[in-house]
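K.L.:
One structure is given below, represented as structure tokens, and several questions about it will come after.
The values are calculated or read from the model by the stated rules, or taken from the named source; none is laboratory data. All of these numbers come straight from a predicted model, not from anything done at the bench. Neighbour counts run over all protein chains shown; Cβ positions are idealised from the backbone, glycine included.
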Amino acid sequence: MTKGGAALDDPSRTAAVDRSGMLSAVAGLGGQLRRGWDLGRSAACPREWGDPQRHDAIVVAGMGGSGIAGDVVRALLRDHARSCIEVSKGYALPAFSTPETLVFVVSYSGDTEEALAVYEQAQARRCRTVTVSAGGRLRELAEAAHGVHVDLPADAPMPRAALGYLVGGVVGFRGLMEPDPQEVAATARLLDELAARWEAREPMGRNEAKGVAAWLGERTPLVWGSEGLLEPVALRWKNQMNENAKIPAFWSVLPELDHNEVEGWSPDTAKGVAVIALRHPGEHPRVAERFALTIELASSAGLEVREVHAEGSSPLERLFSLVLLGDFVSTYLAILRGVDPTPVPVLTDLKERLRR
Ligand code: PA5
């Protein structure tokens with residue numbers, strides 16, 4: 001680990017560590033969202049599915065870097081959707097699924113066994129099934145069944161670096177989400193601006209993403225989000241710390257953490273942990289009050305807390321602005337630690353062993 005973060009301003013070191021170009025993939029989030037949304041909107045689907053907003057339930061199934069798209073979609077749709085939304089991360093389609101249930105099976109590679117298992121069950125139950133992938137077995141199965149498929153570009157180096165495509169492809173699908181295309185376009189523009197602010201060229205002194213990575217240093221991140229919009233973002237930060245920076249990380253959300261986690265912090269237990277608090281102006285007023293009090297309590301128990309704030313005015317902008325910040329921070333942390341952020345050798349080995 002390079003101390004102090006100065007190494008992040010050294011382009012040759014960045015290039016030597018980030019060999020597969022995760023930083024540039026991260027910077028493409030805005031463009032991906034735009035493209036994914038267009039692809040989702042233009043996906044053809046059977047007329048008998050009727051009103052695009054009416055389904056008895058919506059299930060978004062997927063794992064890891066694809067599964068997080070389901071969490072994001074649920075958080076975005078929570079205040080709009082007329083159907084209950086379930087995120088399924090595993091082998092089983094929820095028992096309530098019927099032929100009127102809209103099931104998105106999301107796998108960037110198209111080859112994830114849990115997603116393929118859910119696809120089979122959704123077909124067997126004649127659900128309104130939409131596959132979302134950049135190829136793989138999932139696309140082959142969908143094509144053979146003349147099913148509805150959102151075909152994503154395959155240019156992201158890893159599924160977790162394809163979140164814009166994945167989320168755009170689902171929320172854009174037949175206008176499932178209320179925001180008009182202008183909101184998506186505005187979000188994509190904001191993400192492009194933020195990427196320019198946080199890219200490697202911008203020096204430590206005026207680059208928030210580098211600053212947060214250096215501040216975390218060797219400590220274990222604990223990411224606090226809040227009910228609703230920033231719940232999936234806290235999980236995303238945690239997952240990106242695991243997969244990009246190759247470190248353990250944890251997450252929780254307010255108000256729930258006020259009912260358990262706060263009891264666990266003391267100068268002894270707080271050693272080596274640093275809290276990132278994700279904030280946005282649309283928090284429930286009591287959550288905002290709780291944040292102030294919880295940070296005060298945590299600080300007096302010896303935890304260092306750093307707040308980071310969402311940008312933009314719409315929920316879509318706020319959610320994605322903090323996703324982007326976490327993506328940059330975790331990548332910079334990987335560079336500081338001298339590990340290539342892109343490959344996930346342990347995960348790859350695990351998948352390989354399960355395949356044998
Ligand atoms: O980020 C990753 O590489 C993983 O978390 C994958 O997303 C996960 O293993 C599932 O693969 P896929 O997204 O291709 O379905």
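K.L.:
hydroxyl-bearing (Ser, Thr, Tyr), over 16 Å from Ala154 (Cα atoms) and in the same structural domain as Phe104 (by TED's automatic domain parsing) - does that describe any residue in segment 27-50?
P.N.:
yes
K.L.:
Next question, about the same structure. Give the number of residues within segment 210-227 that are within 19 Å of Ile68 (Cβ to Cβ) and of a type in the set (Gly, Ala, Ser).
P.N.:
2
K.L.:
With the requirement that a residue be in contact (Cβ under 8 Å) with a residue 12 or more places away in the chain and surrounded by fewer than 24 Cβ atoms within 10 Å (Cβ to Cβ), what does segment 110-126 give you?
P.N.:
Once the filter is applied, which keeps residues that are in contact (Cβ under 8 Å) with a residue 12 or more places away in the chain and surrounded by fewer than 24 Cβ atoms within 10 Å (Cβ to Cβ), segment 110-126 yields Asp111, Glu113, Glu114, Leu116, Ala117, Gln121, Gln123, Arg125, Arg126.
K.L.:
Also, I was wondering about something else. Residue under question is Leu322, and the condition is that it be within 30 Å of Glu263 (Cβ to Cβ) and either outside any helix (DSSP H, G or I) or touching a strand residue (DSSP E or B) at 6+ places or on another chain (Cβ under 6 Å) (or both); does it hold?
P.N.:
yes
K.L.:
Regarding Ala61, is this residue touching a Leu at 6+ places or on another chain (Cβ under 6 Å) and closer than 30 Å to Asp155 by Cβ?
P.N.:
The answer is no for Ala61.
K.L.:
May I pose another question? Which residues, taken from segment 256-313, are under 28 Å from Glu193 (Cβ atoms) and polar (S, T, N, Q)?
P.N.:
Passing the criteria: only Ser313.
K.L.:
Has segment 138-151 got any residue that is within 16 Å of the chain's Cα centre (by Cα) and among the hydrophobic types (A, V, I, L, M, F, W, C)?
P.N.:
no
Listed here are the residues, each with its yes/no results for (1) among the hydrophobic types (A, V, I, L, M, F, W, C); (2) surrounded by 18 or more Cβ atoms within 10 Å (Cβ to Cβ); (3) not assigned by TED's automatic domain parsing to the domain that holds Arg318.
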{"residue": "Val73", "(1), (2), (3)": "yes, yes, yes"}
{"residue": "Ala81", "(1), (2), (3)": "yes, yes, yes"}
{"residue": "Leu93", "(1), (2), (3)": "yes, yes, yes"}
{"residue": "Phe104", "(1), (2), (3)": "yes, yes, yes"}
{"residue": "Tyr108", "(1), (2), (3)": "no, yes, yes"}
{"residue": "Gly135", "(1), (2), (3)": "no, no, yes"}
{"residue": "Gly169", "(1), (2), (3)": "no, yes, yes"}
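So that you can scan it fast, the table gives a plain yes or no per residue for (1) out of contact with any helix residue (DSSP H, G or I) (no Cβ under 8 Å at 6 or more places or on another chain); (2) of a type outside the set (A, V, I, L, M, F, W, C):
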residue: Val130; (1), (2): no, no
residue: Ala144; (1), (2): yes, no
residue: Met158; (1), (2): no, no
residue: Ala161; (1), (2): no, no
residue: Arg197; (1), (2): no, yes
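K.L.:
Name the residue that is nearest to the ligand (Cβ to nearest atom), counting only residues in segment 228-245 that are out of contact with any Leu (no Cβ under 7 Å at 6 or more places or on another chain) and either outside the structural domain of His259 (by TED's automatic domain parsing) or over 16 Å from Gly65 (Cβ atoms) (or both).
P.N.:
That would be Glu231.
K.L.:
Search segment 89-113 for residues being within 13 Å of the ligand (Cβ to nearest atom) and not in a loop (DSSP other than H, G, I, E, B), and hand back the single one that is farthest from the chain's Cα centre (by Cα).
P.N.:
Glu113
K.L.:
Would you mention how many residues in segment 181-222 are outside any helix (DSSP H, G or I) and exposed (fewer than 14 other Cβ atoms within 10 Å of the Cβ)?
P.N.:
Residues that pass the stated criteria total 3.
K.L.:
Of everything in segment 275-293, what is under 21 Å from the mean Cα position of the chain (by Cα) and either assigned to a strand (DSSP E or B) or surrounded by 15 or more Cβ atoms within 10 Å (Cβ to Cβ) (or both)? Give them in sequence order.
P.N.:
Val275, Ile276, Ala277, Leu278, Arg279, His280, Gly282, Glu283
K.L.:
Mind listing whichever residues of segment 165-175 are more than 14 Å from the ligand (Cβ to nearest atom) and at pLDDT 95 or above?
P.N.:
Gly168 - this is the single residue of segment 165-175 that is more than 14 Å from the ligand (Cβ to nearest atom) and at pLDDT 95 or above.
Results for (1) free of Cβ contacts under 8 Å to residues at least 40 places away in the same chain; (2) over 17 Å from Thr187 (Cβ atoms), shown as yes or no for each residue.
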position	(1), (2)
Arg19	no, yes
Ser24	yes, yes
Ala44	no, yes
Ile58	no, yes
Val73	no, no
Leu76	no, no
